[in-house]
Amino acid sequence: MLIPAELVSLLKVAARVVVLTGAGVSQESGLRTFRDAQTGLWSQYRPEDLATPEAFEREPKLVWDWYAMRREKVKTVKPNPGHFALVEMSRLIPQFTLITQNVDGLHQKAGSPLVIELHGNLQRIKCSVCAAQVDKWNESTEDVPRCSICGGILRPDVVWFGEALPRAVLEAAVTTARTCDLFFSIGTSALVQPAASLAVAAKHKNALVVEINANPTPLTERVDFALLGKSGEVLPTLVQAVWG
Ligand code: NAD
Ligand code: ZN
């Protein structure tokens with residue numbers, strides 16, 4: 001893939017860069033995006049129907065088990081060249097902010113120092129009633145494990161469809177999006193709000209917007225540069241073109 005010369009020049013002098021990533025960035029590590037079909041036991045369910053407060057209320061054990069499966073899967077996968085290229089960018093750009101919708105922790109595993117996690121993290125567990133963070137729980141029980149403080153059932157500390165994002169986290173993301181020179185939207189379908197509106201907020205404040213995605217999205221027509229391809233290939237090529 002050829003990186004546009006204009007983008008190379010812009011990146012060389014950009015002081016403030018914001019990157020928003022989505023599930024596509026982890027696809028080459030072997031993690032499924034929500035739009036991929038699920039496999040095996042889970043193929044009869046749509047992720048959009050499992051990752052909701054309603055599903056957890058109706059069938060807590062089903063939702064708990066789906067997350068337990070994803071937690072175990074994440075432990076077996078490694079960051080890919082796209083994650084590592086973003087670590088390099090964080091070292092080369094004076095003010096670099098990484099915002100992710102991913103809950104897999106792969107950016108941190110790759111070495112990204114500061115990550116704004118919009119949707120929480122799979123590995124964190126909290127009480128569904130008193131919200132206490134929990135470090136240990138008994139996975140082997142028939143039921144969903146319970147909180148030792150209040151007896152409420154435990155849940156993953158992620159943001160489900162229909163739930164509000166943690167306020168401070170969203171504010172930090174919006175503030176950086178509004179004050180950057182270049183905004184990258186990478187491996188996200190640009191459909192899930194409010195994350196999808198961050199690119200628009202950046203554009204309103206005259207940032208240039210770059211999209212890297214394996215497929216066109218609703219954002220593609222509105223961006224300044226659309227790089228069609230896998231993030232694990234495009235990002236290292238981009239870093240090489242600018243700083244190599
Ligand atoms: P999404 O599943 O809606 O979209 C994934 C996007 O990635 C698509 O546009 C697809 O074309 C693109 N893509 C797929 N493979 C790619 C690759 N190799 N390189 C570049 N792009 C690629 O994901 P989303 O936009 O992040 O939003 C859905 C929600 O799913 C989020 O809330 C997120 O928390 C959650 N989610 C997270 C994970 C994870 O943590 N790994 C996995 C699945 C879903
Ligand atoms: Zn509790």
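The values are calculated or read from the model by the stated rules, or taken from the named source; none is laboratory data. Bear in mind the structure is a predicted one, so any value in this text is a computation, not a measurement. Counting neighbours? That spans all protein chains shown, and the Cβs are built from the backbone with ideal geometry, glycine included. Accessible surface is based on the protein model in full, side chains and every heavy atom, while ligands, DNA and RNA are left aside. Shrake-Rupley method; radii C 1.70, N 1.55, O 1.52, S 1.80 Å.
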Simple spin-label estimate for residue 220 and residue 45 in nanometres, 7 Å along Cα-Cβ: 3.2
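What trypsin sites (Lys or Arg not before Pro) does the stretch 132-241 have in DSSP loop regions with at most 10 other beta carbons within 10 Å? Don't skip to the answer; put the middle values down first.
On the way: sites: 136, 146, 167, 178, 203, 205, 222, 230; in loops: 136, 205, 230.
Sites meeting the loop and neighbour criteria: 136.
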Candidate lysines for bridging to residue 61, where Cα separation is under 22 Å - those fewer than 8 sequence places away on the same chain excluded: 73, 75, 126, 136
For the stretch 1-37 and the stretch 109-187, distance of Cα centres in Å: 23
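Contour minus end-to-end for residue 1 and residue 68, with contour as 0.36 nm per residue of separation and end-to-end as the Cα-Cα distance? All intermediate terms of the calculation are to be shown ahead of the outcome.
On the way: separation 67, 0.36 × 67 = 24.12 nm, distance 3.78 nm.
Stretched out fully, the residue 1 to residue 68 stretch lengthens by 20.3 nm.
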Debye intensity ratio in log₁₀ form over the Cα atoms of the stretch 1-79, taken at each q of 0.13, 0.24 Å⁻¹: -0.59, -1.23
Residues of type lysines that residue 205 reaches as a straight line, Cα spacing below 22 Å, ignoring anything fewer than 8 places off in the same chain: 12
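For the stretch 184-231, what does the alpha-carbon gyration tensor say about shape, rounded, prolate or oblate, given a ≥ b ≥ c as the root eigenvalues, a/c under 1.5 as rounded, and a/b over b/c as prolate? The partial results should precede the final answer.
Values: a/c = 2.07, a/b = 1.30, b/c = 1.59.
Cα axes put the stretch 184-231 in the oblate bin.
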Paramagnetic reach from residue 132 in the stretch 157-201 [backbone N under 11 Å; point 7 Å along Cα→Cβ]: none
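Leaving ligands, DNA and RNA out of it, report the carbon-plus-sulfur percent of the accessible area of the stretch 133-178 at a 1.4 Å probe. Let's see the in-between values first.
Numbers: 1500 of 2940 Å².
The computed percentage sits at 51.
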Accessible solvent surface per residue of the stretch 102-244, calculated while the other protein chains remain in place, 1.4 angstrom probe, Å²: 49
Principal axes of the stretch 20-132: Cα extent on each, largest first, Å: 48, 34, 21
The stretch 113-215: Cα Rg divided by the 2.2 N^0.38 Å rule of thumb: 1.37
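Report the full-extension gain for the segment residue 109 to residue 59: residue separation times 0.36 nm, less the Cα-Cα distance, to one decimal in nm. Write down the numbers at each step before the final one.
Details: separation 50, 0.36 × 50 = 18.00 nm, distance 3.18 nm.
Here the answer is 14.8 nm.
With +1 on the Cβ of every Lys and Arg and -1 on the Cβ of every Asp and Glu, and nothing else charged, how large is the dipole of the stretch 1-146 about its Cα centre, in debye rounded to the nearest 20?
In total the dipole reaches around 440 debye.
So if the hydrodynamic radius of the chain is defined as the Kirkwood radius over C-alpha pairs, what does Stokes-Einstein give as its diffusion coefficient at 25 °C and 0.890 mPa s, in µm² per second?
Estimated diffusion coefficient is 130 µm²/s.
Tell me, Kirkwood radius of the stretch 122-168 from alpha-carbon pair distances, in Å? Don't skip to the answer; put the middle values down first.
Numbers: mean 1/r = 0.0878 Å⁻¹.
Its Kirkwood hydrodynamic radius stands at 11.4 Å.
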Separation in nanometres of the label points that stand 7 Å from Cα toward Cβ, at residue 168 and residue 139: 2.9
